[in-house]
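This report concerns only the one structure given below.
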Amino acid sequence: RYWAQWRGPLATGVSTTADPPLEWSETKNIRWKVEIPGRGSSSPIVWGDRVFVSTAVPMGMTGTDQHSARGGANPRGMHRFVVMALDRKTGKTIWERVAREQEPHEASHFQNGTWASGSPVTDGQHVFAYFESFGLYAYDMDGKLIWEKDLGDKRMRNQFGEGSTPALHGNTLVIVWDQIGGESFIVALDKRDGKELWRVPRKE
C-alpha cells in the first residue's frame, strides 16, 4: 500500500499487493511527470497521498545547468540539500524544505554520483531525510523540522561518494557509517528526538 523506505515495506524491493504496469513510455501508463531540481539518486518514498524525495541543488545554477553539475567537479560549489513532498495524485509540490546549505567536502562519482543518495524513510508521522555528511533531519508530515543530527564528515575512497540509508525499527533509527581514514561505526538514534542510544565500532 505504501512504500515507506528504500526497497519498500519488506526491504525486498517487492510489493505483495501492487499491480504496476509492465511497460511505459513518455505517453503510455504515465499519470504525471514533474521535474526535480538538482541531482539525487535516492529513492522516492510514498505514504498516504504524498511522495517524498530528496535532492542536492547546486546554488547559482538554473534550468538544465543544475542537472548537469557532476560530482567530480572541483571546486564543487555551494549546494542546497532539499527535501520535497509531492502530491501523489498530481505531482504538485506540497512543501519544500532546505535542510542545509554547504559545499561538499569531497567529490562523488563523476557520472553517477550525487550528494543526495541516501533515501528518506517514514513511519507515517515523521519523514527522516538523510544526507550523510550533511546531516539527518526529522520532519513531521507537514514539513515542520522536529530535530536534526550531524554525525560529521565521511571520508570516502576514489570519489565513490556516499550512499547509505537509515533503517527504522520501532522507535530506533540505525545508521551504518562506513568510511576510510576514520572510525567506522554503527549508531542507533531515538527517532523521536535524535538522541544517541548506542554506538559500536565497525572495522574495515
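The values are calculated or read from the model by the stated rules, or taken from the named source; none is laboratory data. Predicted, not measured: the structure shown is a model, and the values here were computed from it. Here the Cβ positions follow ideal geometry from the backbone for every residue, glycine too, while neighbour counts run over all protein chains shown. Accessible surface areas use protein heavy atoms only, side chains included; no ligands, DNA or RNA. Shrake-Rupley method; radii C 1.70, N 1.55, O 1.52, S 1.80 Å.
When the Gaussian network model of the chain links Cα atoms closer than 10 Å, the mean-square fluctuations of ALA11, ALA99, ALA167 top out at ALA11.
Sort LEU10, LEU22, LEU173, LEU151 by accessible area with a 1.4 Å probe, largest first.
Numbers: LEU10 110, LEU22 165, LEU173 0, LEU151 30 Å².
From most exposed to least exposed: LEU22, LEU10, LEU151, LEU173.
Compute the relative contact order of the chain as a whole-number percentage, counting only Cα pairs closer than 8 Å that sit 6 or more residues apart in sequence. Please report the intermediate quantities before stating the final value.
Values: 451 pairs, mean separation 30.6, N = 204.
With pairs under 8 Å counted, the relative contact order is 15 percent.
With a 1.4 Å probe rolled over the protein heavy atoms of all chains, the accessible area of LEU168, LEU136 falls in the order LEU168, LEU136, largest first.
Stretching LEU22 away from GLN159 to a fully extended chain increases their span by 45.8 nm, per 0.36 nm per residue minus the current alpha-carbon distance.
Starting from the Kirkwood radius over alpha-carbon pairs of the stretch 11-168, derive D by Stokes-Einstein at 10 °C in a medium of 1.306 mPa s and give it in µm² s⁻¹. Working shown, then result.
Details: Rh = 16.5 Å.
Translational D for this selection: 96 µm²/s.
Comparing SER54, SER119, SER15 in a Gaussian network model of the chain (Cα springs below 10 Å), the most mobile by mean-square fluctuation is SER15. Here the sum of -39500 (n - 2.57) over DSSP H runs of 4 or more residues, divided by the residues of the chain, equals -500 deg cm²/dmol at 222 nm, to the nearest 500.
A simple spin-label model places pseudo-atoms 7 Å from Cα toward Cβ; at LYS203 and GLU101 they are separated by 4.5 nm.
Quick one: order HIS109, HIS126 from most to least accessible surface, probe 1.4 Å. Mind dumping the intermediate values first?
Values: HIS109 70, HIS126 35 Å².
Descending accessible area places them as HIS109, HIS126.
Heavy atoms of the protein chains alone define the surface here; on that basis the chain has 56 Å² accessible area per residue at 1.4 Å probe size.
ASP190 sits with roughly 20 Å² accessible to a 1.4 Å probe, with DNA, RNA and ligands left out of the calculation. Within the listed set GLU162, GLU103, GLU26, the residue fluctuating most in the Gaussian network model of the chain (springs between alpha-carbon atoms under 10 angstrom) is GLU26.
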